[in-house]
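Visitor: Structure incoming, see below.
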Amino acid sequence: MANSSDAPPESEASQGASAFDEHASTYSSTLQSSFPELDDEVRDSAKPIAPHLQIAEEDDDETITEKLKLQGVRLGKGMVSPRVFWPALIVILAVAVVGIAAPESTSDVLVDMQSWIVTNFGWYYMLAIGFFIAFTAFVGFSKYGTIRLGRDGEDPEFGLLSWFAMLFAAGMGIGLVFYGVGEPLTYATSDPKPGWEGSETEKAQLAMAQTFLHWGLHPWAVYAVIGLALAYAIHRRGRPISIRWALEPLFGDRVKGWLGDLVDVLAIFGTVFGVATSLGLGVQQIASGMKSIGIVDNTDNVVLVTLIVVITFLSTLSCVSGLGKGIKYLSNINLSFAGLLLISILLLGPTLFLFQNFVESLGVYLANVLNMTFDVGAYTGEKGATWNASWTIFYWGWWISWAPFVGVFIARISRGRTIREFIAGTLFVPTIVGFLWFSVLGGTGLDRELFGKGGLVDPKEGVDASTVLFTVLEDLPLGSVLSILAIALVAVFFITSSDSGSLVVDMLASGGHPNPPTWSRVLWAVLEGALAIGLLLAGGLSGLQSAAIATALPFSAVLILMCFATLRALRADLALRRRDETAERIRALQQEFQESFDEHFGRHIEPRIDYRISRTTSPRGGGRGAPTSPPEGD
């Protein structure tokens, strides 16, 4: 019987492959320890949830509700989340009722609140906005920019041009029409920023740059922060459309409890007050436009309240009568109206000056953007604080209030985009559109006031932003037609803002259900109109500004936490992907060795084994062959 040393040479290949298997298994088992950032909680917040829990387009309402409950969402009667719906409803309803019943007292409270926030937290708002810009730039240009908002390899849901058009739609709103002419004209003439020096022309250049600051990269950085966090949670991980899930990488399962409820309540506050602010501005401009073409004689509170009631009714009607698709179609038409108005003013106005204004204003903006970003008015005293409260701080508060609404929208349309594409598109497309819009409308007003017949600035009251647009349009050919077009533009923006805003609020109050109940959507639309009435009666424009600044303060903290949560999730996502790729390479290499070890390494026999084999297989037969010298070292 042959002993074990007489085993055939082929066993050496098997032993080599087995040894490799053992080492590969050891390496695979320690692979997790090579990625210390992948602790259990962080890894779970970066991985997609189980497919059977993810909401699919073909799911009916009952199936969606069951999936939401399995993900930890608490839904009560009426298909709303009681710990989100009722606190938000009670507070917003109380503010609206008090504003309507006691406007003077409410006005005093709002003014005092605004003064306290601006005095003590104005620096914080400025620093927060600067941080959001730095964060989005870092994420967009870093290694995280290659991560896709969806499954790896998934194509974008919308084509590039369609996506750009929808980003443009998100960037257009009542504010662009309301402030298009008035804002740069105000800065250049009746209310320049404290600390500006130079001639009226030099102030006009700074005025355009300051307007670019308020409507360019800065607001869109806010929207990009929340949009990115939501798009990652919704498309990459399969979570519902709810703000709380954007913080899951930071707080884990705690977002399913009171912490997540608080975040969603704050998001509802911001959205409702932000929409109400826009509605208040919109009715002021609609009333001014109606007065300019002779439909009404004055623009008192009776006219404003009547307009809010009528347009809120139209928005409510779209919620209950199946006109939603018609409203969306009308919204697309409205974008065409906005483009038509812009091109008409560009061609019928001082065309050459408007192009020059765009280029020169862009240069002044780029030269001063860093200084303007962090200018908190430390050396301009009370005048600087008052100016910031009326303009820059108000805008930062307004954008933060609008962030949940716009963030949900841009997140929903960005499935399949890489993070780098998302950041670049979100920051630059709406910014360029906004720059062009203000260069044309604002430049037309500046050209008339500085180089034309003037008459746009009242010596006592300054610039009335709600009327100055129509004054400028009257001087152009087809001025009456353009005025009617501008009124229609604001009115439809009003309706679509209320309709879309109530839908987002309704989804947040229903735990992220994509088809929330109609009754609660109608309720939120009515509340937005009631709140707009209450804020207008409680101080007009200043009341609207105070409400935006106040509601933005707590939600700004949520946005900052969202940045750290997103960064943590992206870091874990990238590490998880590297780990999986490494493990896949090991498995492929292991399989290759198992299947073709001899092909790679040959049938190699160790010399000492070869010597033992030759001693037992000598041609002399019957026993051992003639002794030969063993290999050296045997």
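The values are calculated or read from the model by the stated rules, or taken from the named source; none is laboratory data. Remember, predicted model here, so these are calculated numbers, not experimental data. When we count neighbours, we look across all protein chains shown, and the Cβ atoms used for this are built from the backbone with ideal geometry, even at glycine. Ligands, DNA and RNA are excluded from the accessible area calculation, which covers all protein heavy atoms including side chains. Shrake-Rupley method; radii C 1.70, N 1.55, O 1.52, S 1.80 Å.
Visitor: What order do Lys291, Lys193, Lys453 take when sorted by accessible area (1.4 Å probe), most exposed first?
Guide: Reading off the accessible areas and sorting them downward yields Lys453, Lys291, Lys193.
Visitor: Starting from the Cα of Leu127, move 7 Å in the Cα-to-Cβ direction to define the label point; list residues of region 361-382 whose amide nitrogen is under 15 Å from there.
Guide: 374-378
Visitor: At 1.002 mPa s and 20 °C, plugging the Kirkwood radius over alpha-carbon pairs of region 458-581 into Stokes-Einstein gives what diffusion coefficient in µm²/s?
Guide: It diffuses with D of about 112 µm²/s by this estimate.
Visitor: Of Leu281, Ile268, Ala246, whose Cα points farthest to the positive end of the dipole of region 190-311 (charges on the beta-carbon: +1 Lys, Arg; -1 Asp, Glu; origin at the Cα centre)?
Guide: The one lying farthest along the dipole's positive direction is Ala246.
Visitor: Given H placed on each backbone N at 1.01 Å, which residues far from Thr418 in sequence or on other chains put an amide H within less than 5 Å of it?
Guide: Close amide H contacts, sequence-distant or interchain: Leu149.
Visitor: Enumerate the amide H contacts of Gly462 below 5 Å, restricted to partners 5 or more residues apart or on another chain; note that Pro and chain-start residues carry no placed amide H.
Guide: Sorted by chain and number, the residues that satisfy this come to none at all.
Visitor: Below 26 Å, Cα to Cα, which lysines can Lys291 reach? Residues fewer than 8 away in the same chain don't count.
Guide: Excluding near neighbours in sequence, the set is Lys453, Lys460.
Visitor: Distances longer than 19 Å among the Cα atoms of region 128-203: what percent of all pairs is that?
Guide: Value for region 128-203 (Cα pairs over 19 Å): 68 percent.
Visitor: Something else now. Read phi for every residue in region 88-101 and hand back ³J(HN,Hα) as whole Hz from Karplus 6.51 cos²θ - 1.76 cosθ + 1.60, θ = phi - 60°, with x for Gly and Pro.
Guide: 5, 4, 4, 5, 5, 4, 5, 4, 5, 5, 5, x, 6, 7
Visitor: Heavy atoms only, 1.4 Å probe, whole protein assembly: order Phe374, Phe353 by accessible area, highest first.
Guide: Reading off the accessible areas and sorting them downward yields Phe374, Phe353.
Visitor: Let me ask another. Got a number for carbon plus sulfur as a percent of region 111-202's accessible area, 1.4 Å probe?
Guide: 62
Visitor: What is the gain in length, in nm to one decimal, between Trp86 and Phe428 on full extension, counting 0.36 nm per residue of separation less the C-alpha to C-alpha distance?
Guide: Separation in residues times 0.36 nm, less the Cα-Cα distance, equals 119.3 nm.
Visitor: What's the ranking of 359-367, 503-511, 458-466, 143-151 by average number of surrounding C-beta atoms within 10 Å, highest first? Mind showing how you got there, number by number?
Guide: Details: 359-367: 15.8, 503-511: 26.3, 458-466: 14.2, 143-151: 17.7.
Going from most to least packed, we get 503-511, 143-151, 359-367, 458-466.
Visitor: Please name whichever of Ile549, Leu485, Pro459 sits farthest to the positive end of the charge dipole of region 442-579, dipole taken about the Cα centre and charges placed at Cβ: Lys and Arg +1, Asp and Glu -1.
Guide: Toward the positive end, the furthest listed residue is Ile549.
Visitor: Please work out, to two decimal places, the log10 of the ratio I(q)/I(0) at q = 0.17, 0.18 Å⁻¹ from a Debye calculation in which every Cα of region 203-319 carries one identical scatterer.
Guide: -0.99, -1.02
Visitor: Further question: Quote to one decimal, in nm, the extra length available between Leu161 and Glu382 on full extension: 0.36 nm per residue of separation minus the C-alpha distance between them.
Guide: Value of the extension gain: 74.9 nm.
Visitor: May I pose another question? Grab the Cα-Cα distance for Glu154 and Ile484, subtract it from 0.36 nm times how many residues apart they are, and report the gain in nm with one decimal.
Guide: 114.3 nm
Visitor: Using the heavy atoms of the protein chains and a 1.4 angstrom probe, tell me the accessible area per residue for region 431-536 in square angstrom.
Guide: 31
Visitor: To continue, here is another question. For region 70-79, what does the Karplus curve 6.51 cos²θ - 1.76 cosθ + 1.60, with θ = phi - 60°, yield as ³J(HN,Hα) per residue in whole Hz, taken in order and with x for Gly and Pro?
Guide: Taking θ as phi minus 60°, the curve returns 5, 8, x, 7, 9, 10, x, 5, x, 6 Hz for region 70-79.
Visitor: What spacing in nm lies between the two simple spin-label points modelled at Asn298 and Leu561, each 7 Å away from Cα in the Cβ direction?
Guide: Computed distance between label sites Asn298 and Leu561 equals 4.9 nm.
Visitor: Select from Ala137, Trp196, Val181 the residue farthest towards the positive end of the dipole of region 109-216; place +1 on Cβ of Lys and Arg, -1 on Cβ of Asp and Glu, and compute about the Cα centre.
Guide: Ala137
Visitor: Determine the per residue accessible area of region 184-272 with all protein chains present and a 1.4 angstrom probe, expressed in square angstrom.
Guide: Numbers: 2200 Å² over 89 residues.
Here the per-residue accessible area is 25 Å².
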